[in-house]
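Novice: So that we are looking at the same thing, I have put the structure below in structure tokens.
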Amino acid sequence: MHPFLLIAVAIGVGKLFAKIFKNNPELGEITHKDIYKDFLIDIDKNDLTERILKQKTTRSINLIIEKHKSFKIGKTGNPKSRTANHKIYDRMFLLCSSSDKEMINVLEGHYNDKYLTHKKNDNKKGGSAGDAKAMNGRYYLYIVTINKG
């Protein structure tokens, strides 16, 4: 393939992605380099029972905390701005998202209670704390972590 053609295709693809992210602010919102969506379950798009959702989320949390020095579980309506409040943490992993604020509140309370006594947990209280304000109608359950080294 001719180098100029390759460059033109790359520019076109880049412009297409820019247009997609610009037209969907929800996709463009989560761009911080230390926010990971590898474990993210969109509750609204997945027809999961609460039991299956909790099994999948618990499995993800266990995989994440196994590899990190400490963690804290929370909820937010704006992951990018929430990372600014967790300056001592290296990473934020988004676990679940939903337009249903109450579902995220229930999940946060469940996981804060479940992991309250875990030796790596920095949360000092169980239950669900505070009120998340959604920027684009989405709420997120997340875990922030500190690397081992």
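The values are calculated or read from the model by the stated rules, or taken from the named source; none is laboratory data. Being a predicted model, the structure only gives us computed values, none of them experimental. Heads up, the Cβs are rebuilt from the backbone with ideal geometry, glycines too, and the neighbour counts pull from every protein chain shown. The protein model used for the area step is the full one, side chains on, heavy atoms only, and it has no ligands, DNA or RNA in it. Shrake-Rupley method; radii C 1.70, N 1.55, O 1.52, S 1.80 Å.
Novice: Please find the FRET efficiency linking Lys45 to Lys124, where r is the Cβ-Cβ separation and R0 is fixed at 30 Å, and quote it to the nearest 0.05.
Specialist: It comes out at approximately 0.35.
Novice: How far apart, in nm, are the 7 Å Cα→Cβ label points at Arg59 and Val106?
Specialist: Here the answer is 2.1 nm between the modelled labels.
Novice: Starting with the highest mean, order 47-59, 99-111 by the number of other Cβ atoms within 10 Å, averaged over the residues of each peptide.
Specialist: The packing order, highest mean first, is 99-111, 47-59.
Novice: Let me ask something else. Strictly over 28 Å apart at the Cα level, which of Lys45/Lys119; Lys37/Lys133; Lys45/Lys125; Lys67/Lys133 would you flag in this model?
Specialist: Lys45/Lys119; Lys45/Lys125; Lys67/Lys133
Novice: Heavy atoms only, probe 1.4 angstrom, no DNA, RNA or ligands counted: give me Asp131, Asp90 ranked by accessible area, highest first.
Specialist: Numbers: Asp131 90, Asp90 60 Å².
Of Asp131, Asp90, the descending order of accessible area is Asp131, Asp90.
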